[in-house]
Amino acid sequence: MSPTPSSACNRRDFLAVSAALAGGTFLPHAATGDDATTAPSGPTQIGDRRELFVDDALIDTLTGEARLQLHHPVPQELSLVHDADWEGSGSGYHSIFRDEDRYRMFYKAWHLDVQPKKVNTGRHPLYCCYAESDDGIHWTKPELGLVEHNGSKANNIVLNSGPMNGLNVDAGHPAVFLDENPDAPADARYKAIVRSSKPNGLIPLKSPDGFHWTPMTDAPILSGIGAFDSQNLAFWDANIGKYRAYWRIFTAGVTTTETWKPAGIRAIRTATSDDLIHWEPYHDLTYVDSPPEQLYTNQIKPYHRAPHLLVGFPTRYIERPWSESMRSLPEREHREMRSSAVQRYGIAITEALLMASRDGVSFKRWNEALFRPGPERPGTWNYGHQYVGWHLVETKSALPGAADELSLYAGESYWTEPGSAVRRYTLRLDGFVSANAPRTGGTLVTRPVVFSGDHLSLNFSTSAAGRIRVGIERPDGTPIAGYGLDDCGDLYGDTVDRTVVWKDGSDVRSIAGQPVRLRFELTDADLYSYRFETA
């Protein structure tokens with residue numbers, strides 16, 4: 001059940017050369033910012049899939065003032081406060097997904113009682129709890145009547161820690177998902193990955209309804225090749241027809257059942273499986289242009305609007321020494337009390353990043369925070385803040401008539417009474433990163449691609465004075481007659497789905513199936529994604 005190591009495919013930092021077209025001559029200039037990838041060996045078959053800018057795998061050049069711009073989710077209302085007696089100030093590790101007309105959330109319930117020189121975690125066992133919503137915005141905790149706490153089953157506990165069919169389940173490190181494997185049997189429609197207390201490893205669980213769980217194995221999986229002291233997860237990847245798992249490791253030291261002496265930094269390991277039980281050789285994640293950093297969670301899953309892209313929201317963990325800035329952060333007295341128990345409990349700060357991959361091993365990790373700790377207020381700028389739930393969901397906009405948006409959920413108020421909380425954040429569809437240019441303008445040219453479909457649709461935003469124009473070219477840069485920049489009408493507005501129209505119309509079937517480049521001319525505009533579609 002435990003695979004052996006395999007060397008990961010390392011990618012060198014790329015985009016060393018780009019070009020500006022001036023007087024018919026391509027002029028080399030150095031790429032800037034975080035752009036990095038490995039050039040494909042030939043035209044990329046994109047078919048009718050949606051392409052985003054979370055990596056630069058399909059970007060050849062960015063010229064003028066064009067750049068890739070990271071966008072930050074906008075904070076909204078609190079979704080839940082974990083203030084029940086069986087929850088508490090250490091609750092987190094949320095799993096969120098849409099299940100037909102219902103949104104489901106599963107999470108760790110735990111309490112941290114901070115006192116001078118100690119932290120008591122014994123108020124209750126580690127539980128896995130459940131909440132649900134009709135819209136992804138307003139959440140409730142139903143009374144499930146499944147697990148007894150303090151003599152009563154009137155609670156929303158789904159899973160208790162302890163013995164289960166001969167295994168030792170740690171319910172406080174759950175990752176729950178709706179299994180999208182078309183061959184998943186009815187009694188295993190829902191899956192969960194939980195930690196095995198002893199021996200070291202993970203336990204895959206199955207359920208017909210998300211409430212009644214049974215182990216899928218009689219021994220932990222992936223034993224001996226991870227630390228697992230985080231939210232470890234797995235999911236069905238339709239791109240490869242296998243399950244993928246991602247779990248916590250330390251880059252040095254020993255983290256076995258018998259010996260717990262971690263060293264190095266917190267990192268992420270992955271492997272694939274046909275059945276969640278038997279695993280192929282593992283790989284350690286690599287990053288095209290990022291420094292070594294402590295990554296506490298990974299939160300990786302296929303992005304539902306472009307499932308060939310695996311998008312993650314890892315937690316960056318940083319310890320900063322005591323200083324005037326540290327003492328100026330919120331809840332100084334409580335921070336100092338936490339540090340009196342364990343130094344890092346008071347001086348560690350967490351935030352969330354964005355990363356994306358096309359092969360599941362090599363990731364483009366954006367080095368700037370996607371979720372900063374934000375405005376200083378109680379419950380923020382601490383260890384446990386901005387842990388993003390696994391994963392995002394699509395919800396209605398608060399603006400009548402506006403397009404749906406993405407909702408992401410992140411933790412706050414860790415450590416403090418009455419309990420930790422989870423806040424909803426919103427982002428436009430596909431809105432992680434845009435190709436952006438100011439009023440002075442810029443141009444993005446793709447590498448050669450081969451598409452299918454009869455029209456090109458864009459997700460974009462401009463100012464009232466801005467515009468986007470699109471040209472389709474041969475791989476050598478020659479404009480295709482009728483599809484050049486000068487043939488394209490100005491695109492302006494703010495929409496997630498606008499068809500590009502050239503002087504002879506929008507039909508691109510005559511050039512489908514052959515290698516082309518796309519030239520996007522941007523003026524005071526953001527381009528979030530593009531897709532060739534069939535009406």
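The values are calculated or read from the model by the stated rules, or taken from the named source; none is laboratory data. Since the model is a prediction, treat every value here as computed from it, not as a measurement. All Cβ positions, glycine included, derive from the backbone under ideal geometry; neighbour counts span all protein chains shown. Note: areas computed on protein heavy atoms with side chains; ligands, DNA, RNA excluded. Shrake-Rupley method; radii C 1.70, N 1.55, O 1.52, S 1.80 Å.
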Could you tell me which residue of the range 51-63 is nearest to residue 522 (Cα to Cα), considering only residues that are open to solvent by less than 30 Å² (accessible area, probe 1.4 Å) and of a type outside the set (A, V, I, L, M)? 63
Pairs where the first residue, in the range 149-167, is over 17 Å from residue 193 (Cα atoms) and the second is basic (Lys, Arg) and in a loop (DSSP other than H, G, I, E, B), C-beta under 6 Å, 6+ apart: 156/141
Over the range 342-362, the set of residues of a type in the set (A, V, I, L, M) and buried (at least 16 other Cβ atoms within 10 Å of the Cβ) is 347, 348, 349, 352, 353, 354, 355, 356, 361
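What number of residues within the range 237-264 are among the hydrophobic types (A, V, I, L, M, F, W, C) and either open to solvent by less than 50 Å² (accessible area, probe 1.4 Å) or in contact with a helix residue (DSSP H, G or I) (Cβ under 7 Å, 6 or more places away or on another chain) (or both)?
Residues that pass the stated criteria total 6.
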Assuming residue 363 fulfils every condition listed in (1) assigned to a strand (DSSP E or B); (2) of a type in the set (Phe, Trp, Tyr); (3) free of Cβ contacts under 8 Å to residues at least 40 places away in the same chain apart from one, which condition is it? (3)
Identify the single condition in (1) within 24 Å of residue 306 (Cβ to Cβ); (2) over 21 Å from the mean Cα position of the chain (by Cα); (3) of a type in the set (Asp, Glu) that residue 394 does not satisfy, given that it satisfies every other one. (2)
Residue count for the range 219-230, restricted to those that are free of Cβ contacts under 8 Å to residues at least 60 places away in the same chain and surrounded by fewer than 23 Cβ atoms within 10 Å (Cβ to Cβ): 2
Among residues of the range 66-89 being closer than 22 Å to residue 122 by Cβ and among the acidic types (Asp, Glu), the residue surrounded by the most Cβ atoms within 10 Å (Cβ to Cβ) is 87
Out of all the residues in the range 231-252, is one or more more than 25 Å from residue 312 (Cα to Cα) and in contact (Cβ under 8 Å) with a residue 24 or more places away in the chain? no
Could you identify the single residue in 286, 257, 214 that is β-branched (Val, Ile, Thr), more than 30 Å from residue 131 (Cα to Cα) and more than 21 Å from the chain's Cα centre (by Cα)? 257
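Can you name the residue in the range 415-473 that is among the β-branched types (Val, Ile, Thr) and not in a strand (DSSP E or B) and is also farthest from the chain's Cα centre (by Cα) among such residues?
440
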Somewhere in the range 308-320, is a residue open to solvent by less than 10 Å² (accessible area, probe 1.4 Å), of a type in the set (D, E, K, R) and modelled with pLDDT of 95 or more? no
